[in-house]
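The values are calculated or read from the model by the stated rules, or taken from the named source; none is laboratory data. Only a predicted model underlies this, so the values are computations on that prediction, with no experimental measurement involved. Don't worry about glycine lacking a Cβ; one is built from the backbone with ideal geometry, like all the others, and counts go over all protein chains shown. With ligands, DNA and RNA removed, areas are computed over all heavy atoms of the protein, side chains included. Shrake-Rupley method; radii C 1.70, N 1.55, O 1.52, S 1.80 Å.
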Amino acid sequence: MKSFQTICRQLRSSKRFSLEPAAHVDFSTSSYSCSQKKKVNPYKEVDQGKYSDLVQSVLSSRGLAQTPESLFEEDNLIYGPVSKCKPPKQDEEARVPRNWCPLFNPERSIKPNATSTPTVPLKIPLQRNTIRSVTKILQQTMTSEQLFYLERWKQRMILELGEDGFAEYSSNIFLQGKRFHKALESILAPEGDLKEREENLESGYIESVQHILKDVSGVRALESAVQHETLKYVGLLDCVAEYQGKLCVIDWKTSEKPKPYIRNTFDNPLQVVAYVGAINNDANYSFQVQCGLIVVAYKDGSPAHPHFMDTELCSQYWAKWLLRLEEYTKKEKNQNVQKPD
């Protein structure tokens, strides 16, 4: 033991060795413990007394259940009272034509008498006079939206076909429609040429309307002119006949696109009711019509779409037609005023 103490004293006195305690080194498995200080919870710095009610109302699961009334009160407090849309004004909702004239003629029978029914359908030629036509009235009173889409379609077709190509396309469409009406006239007229009828059956448009023609009977007029003697307008209707037992003004149309709904026919219902009103006020016709039918035929022979217009629907479109007629009359007067003497 004494020898060990002697050795320790010698080592202490030596300059090469030191028995001073070494600095403490702490090893840790965490990579953050050496470089970062311990995080402080920021919520401890929040004024607990000031926001205790808010925290309790948000976090508490023992709050009162919400009801529709309480939700409305809360929304009203946060967002303000509900602003309801104002109902449209009466004149905007339903304009009443000033030039009102009844669509139907109470002095005429709905169905013609057997003695007065012509064996040959009426075909009154259209007189080219100064009286305004149904087609012109509708063209001159188109809405800005209608004009926009029509012009856009025209420009698209010109871009695709060119000016000359579009002119040829329009001419072909017109000729196809004319041939279609001529073919229907030969089929529906009792004195039609049998050979011509057989040739027309090969047409895609005629094939398209075969299921419609089965329900058409009692033809009263074909390609015949009408004139409203009170409202002063003329037109050339396609056909007046019974469709499924009801006397109608029938308008035959061709289309390259399907038109399964009456709204797809644009102003055609107005054209039909204009003819209905004219027939009921034209001395050349002894009967009265209360219904209309728009038939849209397709070149590929697919089944045509029939759009039947009953008495109620005709009355609704009649009011719209009178407004268009009133607008045209107003434009016509303004143009006459602006013309120099």
Residue match in the range 266-273 (condition: aromatic (Phe, Trp, Tyr) and either free of Cβ contacts under 8 Å to residues at least 40 places away in the same chain or open to solvent by less than 10 Å² (accessible area, probe 1.4 Å) (or both)): no
Qualifying positions in the range 254-264 - part of a strand (DSSP E or B) and without any contact (Cβ under 8 Å) to a residue 60 or more places away in the chain: 255
Any hit, the range 312-330, residues being among the charged types (D, E, K, R), in a loop (DSSP other than H, G, I, E, B) and either in contact with a His (Cβ under 8 Å, 6 or more places away or on another chain) or open to solvent by 30 Å² or more (accessible area, probe 1.4 Å) (or both): no
Enumeration of residues in the range 227-248 that are outside any strand (DSSP E or B), in contact (Cβ under 8 Å) with a residue 12 or more places away in the chain and either more than 19 Å from residue 122 (Cβ to Cβ) or under 30 Å from the mean Cα position of the chain (by Cα) (or both): 230, 231, 232, 244
From 206, 250, 212, residue being modelled with pLDDT of 95 or more and farther than 25 Å from residue 320 by Cβ: 212
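Table: residues versus (1) open to solvent by less than 90 Å² (accessible area, probe 1.4 Å); (2) without any contact (Cβ under 8 Å) to a residue 12 or more places away in the chain.
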site: 133; (1), (2): yes, no
site: 143; (1), (2): yes, yes
site: 148; (1), (2): no, yes
site: 152; (1), (2): no, yes
site: 156; (1), (2): no, yes
site: 159; (1), (2): no, yes
site: 162; (1), (2): yes, yes
site: 166; (1), (2): yes, no
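Being open to solvent by less than 10 Å² (accessible area, probe 1.4 Å) and assigned to a strand (DSSP E or B) is the filter here; which residues of the range 204-221 pass it?
Hit for the range 204-221 is 221, nothing else.
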Candidate set: the range 256-309, residues that are over 19 Å from the mean Cα position of the chain (by Cα) and of a type in the set (Ser, Thr, Tyr); chosen: the one modelled with the lowest pLDDT: 286
Subset of the range 290-308 [in contact (Cβ under 8 Å) with a residue 60 or more places away in the chain and not hydroxyl-bearing (Ser, Thr, Tyr)]: 290, 295, 297, 299, 300, 301, 303, 304, 306, 308
Residue within the range 267-286 that is of a type in the set (Val, Ile, Thr) and out of contact with any strand residue (DSSP E or B) (no Cβ under 9 Å at 6 or more places or on another chain) present: no
Options 228, 305; residue that is surrounded by 16 or more Cβ atoms within 10 Å (Cβ to Cβ) and closer than 21 Å to residue 139 by Cα: 228
The range 228-248, residues that are within 16 Å of residue 328 (Cα to Cα) and touching an Asp or Glu at 6+ places or on another chain (Cβ under 9 Å): 228
